[in-house]
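This report concerns only the one structure given below.
The values are calculated or read from the model by the stated rules, or taken from the named source; none is laboratory data. Remember, it's a predicted structure, so these values are computed and weren't measured experimentally. Because the Cβ atoms are built from the backbone with ideal geometry, glycine has one as well, and the counts that use them run over all protein chains shown. Accessible surface is based on the protein model in full, side chains and every heavy atom, while ligands, DNA and RNA are left aside. Shrake-Rupley method; radii C 1.70, N 1.55, O 1.52, S 1.80 Å.
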Amino acid sequence: MKQLLPLAAAIILSHASTIVHAQIYIPPDPTGDIQKESYGIWPNQGQIADLNGNQLPDVSFYTTGATPRAYFLKSGKFSLVLTTTDTTNMLDTLRELDVACTGPGANHPDPVIWQMKSQYANFYLPQCGPGGTTNVYPFARVIYQNIYNNIDMQVYSGEAGQKIAFVVNNGGNPATSN
């Protein structure tokens with residue numbers, strides 16, 4: 001049986017008393033998994049477009065190097081998109097799962113990125129204009145800070161694919177986040 005969405009989720013408790021709310025706590029992976037080197041979270045600087053070539057300014061970041069691709073939107077949302085290319089009938093398929101935290105304790109922060117990687121890319125696409133979009137660097141992690149009170153949601157990679165971690169900071173309580 002194929003696994004369509006290789007996402008792992010973890011809840012990580014942060015007990016360090018030196019953590020200031022403005023700082024971001026990056027926990028170790030709970031299974032000791034290492035980051036997939038080909039995985040990148042890219043800032044959208046105009047290179048993401050819809051099927052009609054229109055730029056998508058609500059997409060802040062997107063991933064490469066993992067299936068499904070993730071598109072991180074403003075206001076605490078993200079989408080997972082799985083593409084299937086049919087080379088015989090020319091019927092390509094997109095499957096999309098939209099994700100948002102809900103409930104009375106949910107906040108809707110914009111995503112932020114963490115830890116720039118060393119490679120970069122240049123995008124010479126029609127929607128990028130005549131000079132293209134150049135020197136775009138990917139990042140290792142996207143974070144929705146305070147998605148619930150004192151709880152951050154972080155998306156990053158492991159060897160098998162993307163992972164989601166909910167980091168419970170000092171003062172956070174998962175029981176009151178529903």
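Annotation note: Cβ proximity below 8 Å between a residue of the stretch 32-43 that is hydroxyl-bearing (Ser, Thr, Tyr) and a residue that is open to solvent by less than 20 Å² (accessible area, probe 1.4 Å) and assigned to a loop (DSSP other than H, G, I, E, B) (sequence gap 6+ or interchain) occurs for Tyr39/Ala66. Looking at the stretch 45-57 only, could you name the residues that are open to solvent by 30 Å² or more (accessible area, probe 1.4 Å) and under 22 Å from Gln115 (Cα atoms)? Selection gives Gln45 alone. Do we find a residue being more than 16 Å from Phe61 (Cα to Cα) and touching a residue at least 24 places away in the same chain (Cβ under 8 Å) anywhere in the stretch 129-141? Within the stretch 129-141, one or more residues are more than 16 Å from Phe61 (Cα to Cα) and touching a residue at least 24 places away in the same chain (Cβ under 8 Å). Go through the stretch 94-120 and give me each residue that's open to solvent by less than 100 Å² (accessible area, probe 1.4 Å) and of a type in the set (Phe, Trp, Tyr). Correct list: Trp114 only.
Scanning the stretch 144-178 for residues that are hydroxyl-bearing (Ser, Thr, Tyr), open to solvent by 20 Å² or more (accessible area, probe 1.4 Å) and in a strand (DSSP E or B) returns a single hit, Tyr148.
List, please: which pairs have Cβ atoms under 9 Å, are six or more places apart or on different chains, and start with a residue in the stretch 72-90 that is more than 12 Å from Phe61 (Cα to Cα) and open to solvent by 30 Å² or more (accessible area, probe 1.4 Å) and end with one that is among the polar types (S, T, N, Q) and in a loop (DSSP other than H, G, I, E, B)? The qualifying pairs are Thr83/Thr67. When the stretch 122-140 is limited to residues that are open to solvent by 20 Å² or more (accessible area, probe 1.4 Å) and in a strand (DSSP E or B), the one that is nearest to Phe72 (Cα to Cα) turns out to be Phe139.
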